[in-house]
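Q: One structure, pasted below without further comment.
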Amino acid sequence: MRVALKILGLTAYAACVSQAAVGQGLVVKKRLSAMMAHEAVAEAVAVCAKAGYAVTAIVVDNEGVRQAVLRGDGATVHTLDSAYAKAYTAASLAPVRKDGSTKGLSERIAKTPGVSTAGLASLPNINFTPGGITILAGEEAIGGIGVGGAPGGNFDHDCGQAALDKIKDRMK
């Protein structure tokens, strides 16, 4: 009887400990280092400047927190909001929709008759204009880069893609 009670007690203790361990773990989060985020925004702004476009570039983590911001020479004030909204959308919405960028989102929406974005577009900081790209570490979405200010979203997208291409080999 005593042995059975000890075994029962040990089993109950082990169950409680394992339940507590499940609920108290750490969440590991990947994001670009500060230096790499700054390198990305600098590259995006430089690529666009070479093409004659004054832009702002912003990198956010996968929760939409700004990691790096660079407003290029001559970029107007509204580009700060535009670039952020594109980065935020690319980090938070594009991965869920499996589009990888705001360009991909906008193309899919344009090709799908009857799709309404009214509900999503009414959320704060959502922007379906090209220029936001999901940042991936392998297959995992870890953030977004947004570029705003070029004379068309496709140009913003190209500058952001050039920035990610420059750092992609170090995002593993």
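Q: Please go through segment 82-107 and pick out each residue that is farther than 16 Å from residue 131 by Cβ and either open to solvent by less than 50 Å² (accessible area, probe 1.4 Å) or assigned to a helix (DSSP H, G or I) (or both).
A: Of the residues in segment 82-107, the ones farther than 16 Å from residue 131 by Cβ are 95-98.
Correct list: 95, 96, 97.
Q: State whether one or more residues within segment 74-81 are open to solvent by less than 30 Å² (accessible area, probe 1.4 Å) and not hydrophobic (A, V, I, L, M, F, W, C).
A: If we filter segment 74-81 for residues that are open to solvent by less than 30 Å² (accessible area, probe 1.4 Å), which is where we start, we get 75, 79.
Add one more test, that the residue is not hydrophobic (A, V, I, L, M, F, W, C), and what stays is 79.
Among the residues of segment 74-81, at least one is open to solvent by less than 30 Å² (accessible area, probe 1.4 Å) and not hydrophobic (A, V, I, L, M, F, W, C), which makes the answer yes.
Q: Looking only at segment 126-141, which residues are closer than 17 Å to residue 69 by Cα and in a strand (DSSP E or B)?
A: First, pick out the residues of segment 126-141 that are closer than 17 Å to residue 69 by Cα: 131-135.
Correct list: 132, 133, 134, 135.
Q: Taking residue 68, is it under 27 Å from residue 121 (Cα atoms), touching a His at 6+ places or on another chain (Cβ under 9 Å), of a type in the set (A, V, I, L, M, F, W, C) and in contact (Cβ under 8 Å) with a residue 24 or more places away in the chain?
A: On the way: under 27 Å from residue 121 (Cα atoms): yes; touching a His at 6+ places or on another chain (Cβ under 9 Å): yes; of a type in the set (A, V, I, L, M, F, W, C): yes; in contact (Cβ under 8 Å) with a residue 24 or more places away in the chain: yes.
Against the criterion (under 27 Å from residue 121 (Cα atoms), touching a His at 6+ places or on another chain (Cβ under 9 Å), of a type in the set (A, V, I, L, M, F, W, C) and in contact (Cβ under 8 Å) with a residue 24 or more places away in the chain), residue 68 qualifies.
Q: Restricting attention to segment 98-119, does a residue exist that is within 13 Å of the chain's Cα centre (by Cα), on the phi < 0 side of the Ramachandran plot and without any contact (Cβ under 8 Å) to a residue 40 or more places away in the chain?
A: Scanning segment 98-119, I find at least one residue that is within 13 Å of the chain's Cα centre (by Cα), on the phi < 0 side of the Ramachandran plot and without any contact (Cβ under 8 Å) to a residue 40 or more places away in the chain, so the answer is yes.
Q: Can I ask one more? Do you know which residues across segment 108-164 are in contact with a Gly (Cβ under 7 Å, 6 or more places away or on another chain) and of a type in the set (Val, Ile, Thr)?
A: Matches in segment 108-164: 129, 133, 134, 135, 145, 147.
The values are calculated or read from the model by the stated rules, or taken from the named source; none is laboratory data. Since this is a predicted model, take the numbers as computed values, not measurements. Virtual Cβ from ideal backbone geometry, glycine too; neighbours counted across all protein chains shown. Side chains are part of the model used for accessible areas, which takes the heavy atoms of the whole protein and leaves out ligands, DNA and RNA. Shrake-Rupley method; radii C 1.70, N 1.55, O 1.52, S 1.80 Å.
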